[in-house]
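> To start, I am sharing the structure in question, which I have written as structure tokens.
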């Protein structure tokens, strides 16, 4: 599976480069807030579907998680899920021309997967190997790809043309994709639990956007774009700090 995925990458890159080229002009179809959102009608429909999924599944699961899992155990669930993303970080650091961080992520994964009992604990940070999250969207940004139009992906939520392409490529580049059988099922379970744990952790903030805001779509769009630009180090005249006020490495 791992080999076949890598064989598909070149074709995917060709297809995605065309998509990025089509949406690379940030001056097209902007809203009055300066947001490039030419697909707003479709995006709002997808947002509504995602909100419904949260209402019937993710939010209740997060509430149940918070009720039955002890508070001192909850961070361990997020740690284990984060650990599974470390090999992807290593691959992207290498593609970004940063072998030091690629090696650091590799060592971090090895230490936390063994001494950290499958990533439940984080001894790597005690050894000076802090988490350094990245993805192929950032890799594309470093390569010079433009942000592109704002899009809302089914299930995945807010994104843009560049990051949507990165999400697809990350699927093929992630070394954890070589897992099969029971190992793959365990990894899927750990990642699903991590999503639920994160939904519980930031439940109040997410609920305020999805259910208490006059226009949750517009608010989530603004927060995503500001937070993403901040994480990539892209200057924004109206933003001097992380707009979420959160450590996004902890997601």
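The values are calculated or read from the model by the stated rules, or taken from the named source; none is laboratory data. This structure is a prediction, so every number in the text was calculated from the model and none was measured. Note that each Cβ is placed from the backbone with ideal geometry, even for glycine, and that neighbours are counted across all protein chains shown.
> Within region 107-118, which residues are over 20 Å from the mean Cα position of the chain (by Cα), in contact (Cβ under 8 Å) with a residue 12 or more places away in the chain and part of a helix (DSSP H, G or I)?
Passing the criteria: 107, 111, 112, 113.
> Please count how many residues of region 165-196 are without any contact (Cβ under 8 Å) to a residue 40 or more places away in the chain and under 21 Å from residue 153 (Cα atoms).
4
> (1) touching a helix residue (DSSP H, G or I) at 6+ places or on another chain (Cβ under 7 Å); (2) in contact (Cβ under 8 Å) with a residue 12 or more places away in the chain: which one isn't true of residue 104, the others all being true?
(1)
> From the list 162, 221, which residue is touching a strand residue (DSSP E or B) at 6+ places or on another chain (Cβ under 9 Å), surrounded by 15 or more Cβ atoms within 10 Å (Cβ to Cβ), at negative phi and modelled with pLDDT of 85 or more?
None of the others qualify; the one that does is 221.
> Quick one: is residue 187 assigned to a helix (DSSP H, G or I) and modelled with pLDDT of 95 or more?
So residue 187 fails the test.
Here's the yes/no breakdown for (1) buried (at least 16 other Cβ atoms within 10 Å of the Cβ); (2) at pLDDT below 95; (3) part of a loop (DSSP other than H, G, I, E, B):
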position	(1), (2), (3)
18	no, yes, no
24	yes, yes, yes
46	yes, no, no
70	no, no, yes
81	yes, no, no
89	yes, no, no
93	yes, no, no
104	yes, no, no
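> Also, quick follow-up: Filter region 122-132 down to the residues that are surrounded by fewer than 18 Cβ atoms within 10 Å (Cβ to Cβ) and over 27 Å from residue 169 (Cβ atoms), then identify the one that is nearest to the chain's Cα centre (by Cα).
My answer is 125.
> Follow-up. When you check residue 148 against the structure, is it under 21 Å from residue 229 (Cα atoms), outside any helix (DSSP H, G or I) and without any contact (Cβ under 8 Å) to a residue 12 or more places away in the chain, yes or no?
Answer is no for this residue.
> Has region 133-144 got at least one residue that is farther than 28 Å from residue 226 by Cβ and either surrounded by fewer than 20 Cβ atoms within 10 Å (Cβ to Cβ) or touching a helix residue (DSSP H, G or I) at 6+ places or on another chain (Cβ under 8 Å) (or both)?
No, that holds for no residue.
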